[in-house]
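Have a look at the structure below before the remarks.
The values are calculated or read from the model by the stated rules, or taken from the named source; none is laboratory data. All values reported here derive from a predicted model rather than from experimental measurement. For neighbour counting, all protein chains shown are included, and Cβ atoms are generated from backbone atoms with ideal geometry for every residue, glycine included.
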Amino acid sequence: MNNALISTITLNPSLDQHLTVDGLVVDGPNRWSRLHRYAGGKGIDVSRAIHEMGGRTIAYGFIGGAVGRAVEIFLDEEGVPLSFTPIKRETRTNFIITDSQTNHQTRIDAPGPHITKGEFARFQRKMQRLRPSPNLIVVGGSAPPGIPNNVYYSIAIEAKGFGVRTILDADGQWLAEGVKAKPYLIKPNVREAEGLLKRELPDEAAIIKAARDIVEMGIEIAVISRGKDGIIAATKDTVLKVTPPEVKVKSTVGAGDCTIAGLSLKLAGEEPLTKACRLAVALGTAAVLTPGTELARRADVEELLPKIKVKNITR
């Protein structure tokens, strides 16, 4: 991998607890057969995947309490560099329940701790003096209570002032406000793109048109993820359709974040969009091969890479 540095920002990190049950019983007793715990949150997942692939990264965000300390320990054990802003309240805990009999997965996410004005101000000061300076910043996910709706707009504008590009992966109001800053790249899924553009995207042609329309909004690269169908990526000159081979899905958790990691690893080093999209889809596909909130494994990514198909769609 190249020597570029990718900083990630997770405003609402979590301790993800993945429980496996053998037949989920509603209104009855359940016993879990396996329990795995991971550091979670979009930016954190991106940093974990970048580190797994041998890239350079630092994870930023808010952290608090004993749960927050556990998140830091998990990241430290993986070898992921971090520089969190401490807060008084406890970092949230999310639960992912997988029924091994049906392979159905249920997520129960917490809203997150309230961030005070003083804590947010400390975080902003840290963002203004990021050292070492990154080649790329990845921001995304939900924001906890107390954070202004336009936080991603502010981060992207500030990064531009330092000559640093931003990748935004968010939903709803966070995405709608963030795109006003015209970040370098956004990666909505189809549902999120529908929300942003306020129209349905029923087929591939509509998704391609949507990616082009997002570029017209001032975004340099628009990537719309389509699950097992891969991604559509657009710039002002190019539209790429990138598709993975068919695989057996164990869990979709973290697949989008791994896709972002793949894009970041190549684009931070100024490599071509074709290579970035190929790695992105390989990483995203590798993530669904692992259970629970486990992310992509490097060996799986390397095996998948030659099987990723890239098609250039002419205008």
> Quick one: in segment 213-236, which of the residues that are surrounded by fewer than 16 Cβ atoms within 10 Å (Cβ to Cβ) and basic (K, R) is farthest from the chain's Cα centre (by Cα)?
Replying inline: K236
>> With the requirement that a residue be surrounded by fewer than 18 Cβ atoms within 10 Å (Cβ to Cβ) and touching a helix residue (DSSP H, G or I) at 6+ places or on another chain (Cβ under 8 Å), what does segment 262-293 give you?
In response: P272, K275
> In this structure, is S264 in a helix (DSSP H, G or I), of a type in the set (S, T, Y) and closer than 24 Å to A59 by Cβ?
Replying inline: yes
> (1) within 25 Å of Q128 (Cα to Cα); (2) β-branched (V, I, T); (3) in contact with a Ser or Thr (Cβ under 7 Å, 6 or more places away or on another chain): which one isn't true of T85, the others all being true?
Replying inline: (3)
> Which residue pairs have Cβ atoms closer than 8 Å, lie 6 or more positions apart in sequence or on different chains, and pair a first residue in segment 4-25 that is among the charged types (D, E, K, R) with a second residue that is assigned to a strand (DSSP E or B) and buried (at least 19 other Cβ atoms within 10 Å of the Cβ)?
Replying inline: D16/Y38; D16/A39; D16/G40; D16/N94; D16/I96
>> I want to confirm something. Restricting to segment 50-91 and keeping residues that are hydroxyl-bearing (S, T, Y) and free of Cβ contacts under 8 Å to residues at least 60 places away in the same chain, which single residue is surrounded by the most Cβ atoms within 10 Å (Cβ to Cβ)?
In response: T57
> When you go through C258, C277 one by one, which is the residue that is at pLDDT below 95, within 19 Å of the chain's Cα centre (by Cα) and either farther than 13 Å from V46 by Cβ or hydrophobic (A, V, I, L, M, F, W, C) (or both)?
Replying inline: C258
> Taking segment 72-98 only, how many residues are in a helix (DSSP H, G or I) and within 17 Å of the chain's Cα centre (by Cα)?
Replying inline: 1
